[in-house]
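Notes follow once the structure below has been shown.
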Amino acid sequence: MGEIHVGDRFGGDKVMGDKHVGDNFSNIGSGATVINKSVVSNSLNRVQSAHGEDVALALERIGEIVAASQNAEAIENFNELSEQLATAEPKKAVLRSLWAGICAALPAVSELSALGERIVVLFR
């Protein structure tokens, strides 16, 4: 690997001077699954623009619940959901399937039902 210079892309993030801009992962155990904050941020911006702040806030809360659960399946589904929502034209059937996967992975989280009612507009 060559030298890294200001403005270069490194792992999908941009290098700015002596600072690395983007997600920073450390002290992560082998095989750990993490939520990609930059993808979530992009999807939240798109959702807020298209569907309003209430839907974006509900999606943000879902991300918090999923992250706190440390459930690899829920995290994987949430990351994929976020990636779909960050695209220009998310696939509704894929969004529904990913949401169902999150709910199935975290059946004991009753708050997900109420949040699901707030984000259902994304699946229509």
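The values are calculated or read from the model by the stated rules, or taken from the named source; none is laboratory data. Keep in mind that this is a model prediction, so the values were computed, not measured. Reconstructed Cβ throughout: ideal geometry from the backbone, glycine too, with neighbour counts over all protein chains shown. Please note that ligands, DNA and RNA were not included when accessible areas were found on the heavy atoms of the full protein model with its side chains. Shrake-Rupley method; radii C 1.70, N 1.55, O 1.52, S 1.80 Å.
Any chance you could count how many residues in the range 110-124 are surrounded by 15 or more Cβ atoms within 10 Å (Cβ to Cβ) and closer than 15 Å to Glu60 by Cβ?
6
What pairs come up if the first residue lies in the range 107-124 and is free of Cβ contacts under 8 Å to residues at least 40 places away in the same chain, the second is open to solvent by 50 Å² or more (accessible area, probe 1.4 Å) and not in a loop (DSSP other than H, G, I, E, B), and their beta carbons are under 9 Å apart, counting only those six or more places apart or on different chains?
These pairs meet every condition: Phe123/Lys92; Phe123/Ala93; Phe123/Arg96; Arg124/Lys92.
Is there any pair linking a residue in the range 55-66 that is among the basic types (Lys, Arg) to one that is open to solvent by 20 Å² or more (accessible area, probe 1.4 Å), with Cβ under 8 Å and at least six apart or on different chains, and which?
Arg61/Glu111
So which of Val94, Val121 is of a type outside the set (D, E, K, R), within 16 Å of the chain's Cα centre (by Cα) and over 17 Å from Ala68 (Cα atoms)?
Of the residues listed, the single one that is of a type outside the set (D, E, K, R), within 16 Å of the chain's Cα centre (by Cα) and over 17 Å from Ala68 (Cα atoms) is Val94.
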